[in-house]
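**Q** My structure is below; once you've seen it, I'll send some questions.
Laboratory data are not the source of any read-out in this text; all were calculated from the coordinates shown. For clarity, every value in this text was computed on a predicted model and none was experimentally measured. Don't worry about glycine lacking a Cβ; one is built from the backbone with ideal geometry, like all the others, and counts go over all protein chains shown.
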Amino acid sequence: MSLEKSLAATVSVLQSLTTISVEIEQANELISATLKAGGKLLICGNGGSAAEAQHFSTELVGRYFKNRKSLPAISLTADGTLISCICNDYGWESAFSRQVEGLGVAGDLVIVISTSGNSANILAALKAAQAMGLKSVALLGRSGGKAKGMATVDVIVPGESGRAAQEAHLFLIHHFCDKIDAEN
């Protein structure tokens, strides 16, 4: 694919986000309300989405655009020792749900990032959030997969491209951070 075609495909997906602006705003409000109330964000994903989870938590605990207080966000993908322990003892599908169970408390928000919405560990994290009465946001692609409908708010990037969904997820993370920085 040429640079021009690749760029056009990405721009098209980013422009399509206006068709899900209601869901994006609902997620934005839930993230903002959680942080304002003193809750923390528990964020997870696999592969490139794991990198996005770490990116999001870094923007909040560290710094996004302006100097502000550090905000509570944990990437459930960041501790290799913990993940290897959980996966060895309980299996890969428990990689994130065990952390939600151990770290989550009332008022926290679970955020899952998945281009397919079909990963067993993402589904288990959403089930753990439900069982604990925690709210959740799912950043999804490709029609949402099996995760569709499991979160408090689904943000499903239109289209069937996992690559484009991942690029849109990063855009959305920065969009959420813009609001967070404006409020803190």
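**Q** Using only DSSP helix segments of four residues or longer, with each worth -39500 (n - 2.57), what per-residue ellipticity at 222 nm results for the chain after dividing by its residue count and rounding to 500?
**A** -17000 deg cm²/dmol
**Q** Let me spell out the model: positive unit charges on the Cβ of Lys and Arg, negative unit charges on the Cβ of Asp and Glu, origin at the Cα centre of the chain. What dipole size does that give, in debye rounded to 20?
**A** 140 debye
**Q** Evaluate E = 1/(1 + (r/R0)^6) for MET132 and THR58, where r is the Cβ-Cβ distance and R0 equals 30 Å; express this FRET efficiency to the nearest 0.05.
**A** For MET132 and THR58, the calculated efficiency is 0.75.
**Q** What FRET efficiency comes out for the pair SER70/ALA8, r = Cβ-Cβ distance, R0 = 41 Å, nearest 0.05? Before the final figure, lay out the partial values.
**A** On the way: r = 39 Å, r/R0 = 0.95.
So the FRET efficiency works out to roughly 0.60.
**Q** What shape does region 1-108 take by its C-alpha gyration tensor, where a ≥ b ≥ c are the square roots of the eigenvalues and a/c under 1.5 counts as rounded, a/b above b/c as prolate, and the rest as oblate?
**A** Oblate, because a/c is 1.5 or more while a/b does not exceed b/c.
**Q** Rg and Dmax of the chain over Cα atoms: what are they, in angstrom?
**A** In Å, with Rg to one decimal and Dmax whole: 15.7, 48.
**Q** Is region 46-144 best put as rounded, prolate or oblate by its Cα gyration tensor, with a ≥ b ≥ c the root eigenvalues, rounded for a/c under 1.5, and otherwise prolate when a/b is larger than b/c, oblate when not?
**A** rounded
**Q** I want to check the label-to-label distance for SER84 and PHE171. Put each point 7 Å from Cα in the C-beta direction and report it in nm to one decimal.
**A** 3.8 nm
**Q** Looking only at the chain, where both bridge partners belong to it, what percent of the DSSP beta bridges are antiparallel (to the nearest 5)?
**A** Once the DSSP bridges in the chain are tallied, antiparallel ones form about 0 percent.
**Q** Given the Cα-Cα distance of THR19 and ASN184 and 0.36 nm per residue of separation, how much length would full extension add, in nm?
**A** Between THR19 and ASN184, full extension yields 56.6 nm more.
**Q** Could I ask something else about it? Quick check for the chain: number of Lys pairs with alpha-carbon distance under 15 Å, counting only pairs 8 or more apart or on different chains?
**A** Count of close lysine pairs: 11.
**Q** Give me the percent relative contact order of region 46-154, please, defined on Cα pairs under 8 angstrom at least 6 residues apart.
**A** 21 percent
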